[in-house]
Amino acid sequence: MRNKGFTLAEVLITLGIIGVVAAMTLPTLVNQTQGQELETGLKKAYSVIQAAYNQMTYDEGQIINSTNYRETTSFMKKFKKYFKLAKDCNKSDCELADTDNEDLGAKVSSHYKTYNNRPLMTSFLDDGQIMITDGMFFFAENNAADGRNILFITVDVNGYNKKPNRWGHDLFTFQVMDNGKLLPMGAEGTTFDEDSYCSINSNNQYNGIACTYKALTEKDYFKNLPK
């Protein structure tokens, strides 16, 4: 009786083919998995924000908007009471260790980037920051000065220490409208439109701020995020 089996050369060739196939397919699988995690995180964050906002509206007995919260940090001081906090970052203690960017003439984030991985301005992240126990990181922009009525809530859905840390990837912004509605940025009537502020070709320091509506409504959004 003769034992039959693979030769060493055949085994090595087979392993080489498996390695090539894995190298070709694993990045796609990893990206798909990450995309699914970010999509789930965004939907959860939207639900959490909406629930807290609705309860705050009920407790306050008034419309929640920038007109009723004119002091810069007044909204977050009330809003944070509806969460179990891991850390209260006050106005901007956690993220805004800003760096001056001479090319942009502005302060940019040392931690976050825009939708297409360029420097991100911190102007809309500096009126209150909290980290909650499930890992999400919230920012507020609360400005009713100079004729502007702005109340934005931005959330890093997978936490400060987990990448990609980019607007429109894991960082998403919602706007509290004057009538008290909470809308994903990029929806009709919000301050920033998706054509200009959710574009792979834009060099704007706020690029990605308007991706939230797209991310919630487009089926393949998370499959097509820019590298």
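The values are calculated or read from the model by the stated rules, or taken from the named source; none is laboratory data. Keep in mind it's a predicted model, so treat the numbers as computed, not measured. Positions of Cβ are generated from backbone atoms using ideal geometry, with glycine treated the same way; all protein chains shown enter the neighbour counts.
Can you pull out the residues in region 36-80 that are exposed (fewer than 13 other Cβ atoms within 10 Å of the Cβ), touching a residue at least 12 places away in the same chain (Cβ under 8 Å) and in a loop (DSSP other than H, G, I, E, B)?
67, 71
For region 152-173, what are the residues that are at pLDDT 95 or above and over 10 Å from the mean Cα position of the chain (by Cα)?
Within region 152-173, 152, 153 meet the criteria.
Just to check your reading of the model, which residue among 206, 160, 221 is in contact with a Lys or Arg (Cβ under 6 Å, 6 or more places away or on another chain) and in contact (Cβ under 8 Å) with a residue 24 or more places away in the chain? Outline the logic, then answer.
On the way: 206 fails: in contact with a Lys or Arg (Cβ under 6 Å, 6 or more places away or on another chain); 160 fails: in contact with a Lys or Arg (Cβ under 6 Å, 6 or more places away or on another chain).
Residue meeting the stated conditions: 221.
Within region 172-181, can one find any residue that is surrounded by fewer than 21 Cβ atoms within 10 Å (Cβ to Cβ), assigned to a loop (DSSP other than H, G, I, E, B) and touching a His at 6+ places or on another chain (Cβ under 9 Å)?
Taking region 172-181 and keeping what is surrounded by fewer than 21 Cβ atoms within 10 Å (Cβ to Cβ), we get 177-181.
Retained after the next criterion (residues that are assigned to a loop (DSSP other than H, G, I, E, B)): 177-181.
With touching a His at 6+ places or on another chain (Cβ under 9 Å) added as a condition, the list becomes none.
No, every residue in region 172-181 fails to be surrounded by fewer than 21 Cβ atoms within 10 Å (Cβ to Cβ), assigned to a loop (DSSP other than H, G, I, E, B) and touching a His at 6+ places or on another chain (Cβ under 9 Å).
Quick one: would you say residue 188 is crowded, with 20+ Cβ neighbours inside 10 Å, over 18 Å from residue 111 (Cα atoms) and over 14 Å from the mean Cα position of the chain (by Cα)? Working first, answer last.
Values: crowded, with 20+ Cβ neighbours inside 10 Å: no; over 18 Å from residue 111 (Cα atoms): yes; over 14 Å from the mean Cα position of the chain (by Cα): yes.
In short, no.
Just to check your reading of the model, which residue among 107, 113 is modelled with pLDDT of 90 or more and out of contact with any Gly (no Cβ under 8 Å at 6 or more places or on another chain)?
On the way: 107 fails: modelled with pLDDT of 90 or more.
Result: 113 is the single residue among 107, 113 that is modelled with pLDDT of 90 or more and out of contact with any Gly (no Cβ under 8 Å at 6 or more places or on another chain).
Please state which one of 209, 130 is part of a loop (DSSP other than H, G, I, E, B), surrounded by 19 or more Cβ atoms within 10 Å (Cβ to Cβ), of a type outside the set (D, E, K, R) and within 16 Å of the chain's Cα centre (by Cα).
Values: 130 fails: part of a loop (DSSP other than H, G, I, E, B).
Going through 209, 130 in turn, just one is part of a loop (DSSP other than H, G, I, E, B), surrounded by 19 or more Cβ atoms within 10 Å (Cβ to Cβ), of a type outside the set (D, E, K, R) and within 16 Å of the chain's Cα centre (by Cα): 209.
Suppose the filter is assigned to a loop (DSSP other than H, G, I, E, B), buried (at least 17 other Cβ atoms within 10 Å of the Cβ) and modelled with pLDDT under 95; does residue 204 pass it?
On the way: assigned to a loop (DSSP other than H, G, I, E, B): yes; buried (at least 17 other Cβ atoms within 10 Å of the Cβ): yes; modelled with pLDDT under 95: yes.
Here the answer is yes, as residue 204 does meet what is asked.
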